[in-house]
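The values are calculated or read from the model by the stated rules, or taken from the named source; none is laboratory data. All values derive from a computational prediction rather than experimental measurement. Cβ placement follows ideal geometry from the backbone for every residue including glycine, while neighbour counts extend to all protein chains displayed. Just the protein is used for accessible areas: all its heavy atoms, side chains included, with ligands, DNA and RNA removed. Shrake-Rupley method; radii C 1.70, N 1.55, O 1.52, S 1.80 Å.
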Amino acid sequence: MAKQEIKRVTLFDSNAQLFVFEDVPAIDSKHYMQVLASGSKYKIYKDLGTKFIKSNFYTNGITSTGNKYDEYVDDSVYLLQKLPGGQPQKINA
């Protein structure tokens, strides 16, 4: 099945918590967006992003800063879409 045919995916975790993801080409044509809230006048989406941060450890013999390890950090963006047909707008959190 092609991505264009799948408009919505619903997942449940081990605690039966519901996670809904929708295809929203106005936000991102390659990834699904998590639906946080949906009403008759609006929808709130979460774009699940992850950022790679390379190790940045530094020491001058007296003090040290940074991490000795690489890490992945969540970098999510929240968007509000007014219905019907409004353009998604980024929410500053």
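Tabulated values for the structure
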{"quantity": "Selection from the stretch 13-53 of residues that are under 18 Å from residue 92 (Cα atoms), open to solvent by 80 Å² or more (accessible area, probe 1.4 Å) and part of a loop (DSSP other than H, G, I, E, B)", "calculated": "48"}
{"quantity": "Residue under evaluation residue 56, criteria (1) in a strand (DSSP E or B); (2) of a type outside the set (Phe, Trp, Tyr); (3) in contact with a Gly (Cβ under 7 Å, 6 or more places away or on another chain), criterion not met", "calculated": "(1)"}
{"quantity": "Any chance residue 62 is part of a loop (DSSP other than H, G, I, E, B) and either open to solvent by 70 Å² or more (accessible area, probe 1.4 Å) or touching a residue at least 12 places away in the same chain (Cβ under 8 Å) (or both)", "calculated": "yes"}
{"quantity": "Filtered residue count, the stretch 65-93, keeping only those that are open to solvent by 80 Å² or more (accessible area, probe 1.4 Å) and either in contact (Cβ under 8 Å) with a residue 40 or more places away in the chain or in contact with a helix residue (DSSP H, G or I) (Cβ under 9 Å, 6 or more places away or on another chain) (or both)", "calculated": "2"}
